[in-house]
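Step one of this worksheet: look at the structure below.
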Amino acid sequence: MTSSLSLGRSARKSKRRLSPQAMFFREFLRRPVMVGSIIPSSNRTIRRVLDRVDWASVKLFVEYGPGVGTFCQAVLDRLGPDAQYIAIDTNPDFVEYLRDSFHDPRFTVVQGSAEDVEKIAAEHGHEHADYVLSGLPFSTLPPGVGDRIAAATRRVLRPGGAFLVYQFNPNVRNFLTPHFERIDYEIEWWNVPPAQIWWAWKD
């Protein structure tokens, strides 16, 4: 007779065998409001979002809503040897998936809310973050949450740092402008759907 422990191991192994695309699609079906897109971002979008980062100056890079880690390897490939990368996600399945997929000592996955970024950074020995990346669907978050995340992000960023946001809805500007005076904007058409990219700078 198969024990419950063996069944648990089999379930975990099955989850790890999912490809990133399959895992992303499954979680989109389960939580469409929080995932926000049916497929991960394109490589062109990833490069474009990260191109404005001054990697030599980065000590702490934070990501909200990393999902299956679409940006993770690209960030790790650019990150200095002494820097830290903290990914924050509310979805326990994504958190487990990332912990199983990336074993770089610079990379830490935290199950929690982006609203708590200051506390999370402090718990990992940092007063400030240099850059914060987000693919969270701001326009579908519960009322007030998007504004609190944007405010907390501005507080945690060092002067000269930036909030890097990629979205499919232009309404994200409404969450950024109350907290950031300088915002750059572009569209990456080679993405499905086309990605709107925002760099909100803390001057």
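Report whether or not Pro159 is surrounded by fewer than 16 Cβ atoms within 10 Å (Cβ to Cβ), touching a helix residue (DSSP H, G or I) at 6+ places or on another chain (Cβ under 8 Å) and in contact (Cβ under 8 Å) with a residue 24 or more places away in the chain. Taking the combined requirement at face value, the residue does not satisfy it.
Results for (1) aliphatic (A, V, I, L, M); (2) under 18 Å from Arg48 (Cβ atoms); (3) part of a helix (DSSP H, G or I), shown as yes or no for each residue.
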position	(1), (2), (3)
Gly146	no, no, yes
Thr153	no, no, yes
Gly161	no, no, no
Asn174	no, no, yes
His179	no, no, no
Tyr185	no, yes, no
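For the residues Ala114, Ala122, the requirement of being open to solvent by 60 Å² or more (accessible area, probe 1.4 Å) and either within 11 Å of the chain's Cα centre (by Cα) or within 21 Å of Gly160 (Cβ to Cβ) (or both) singles out Ala122. Can you work out which of the residues in region 187-203 that are in a loop (DSSP other than H, G, I, E, B) and of a type outside the set (Asp, Glu) is least open to solvent (accessible area, probe 1.4 Å)? Among them, the one singled out is Asn191.
Any idea which of Thr108, Thr70 is farther than 14 Å from Trp199 by Cα, among the β-branched types (Val, Ile, Thr) and assigned to a loop (DSSP other than H, G, I, E, B)? When all the criteria are applied, what remains is Thr70. Candidates are the residues of region 73-104 that are in a loop (DSSP other than H, G, I, E, B) and polar (S, T, N, Q); the one that is least open to solvent (accessible area, probe 1.4 Å) is Asn91. Taken over region 162-174, the criterion of being farther than 26 Å from Ser57 by Cβ and crowded, with 16+ Cβ neighbours inside 10 Å is satisfied by Phe168, Arg173.
The values are calculated or read from the model by the stated rules, or taken from the named source; none is laboratory data. Note that the coordinates shown come from a computational prediction; the quantities given were computed from them, not determined experimentally. All Cβ positions, even for glycine, are placed from backbone atoms using ideal geometry, and neighbour counts span all protein chains on display. Side chains included, ligands, DNA and RNA excluded: accessible areas come from the protein's heavy atoms. Shrake-Rupley method; radii C 1.70, N 1.55, O 1.52, S 1.80 Å.
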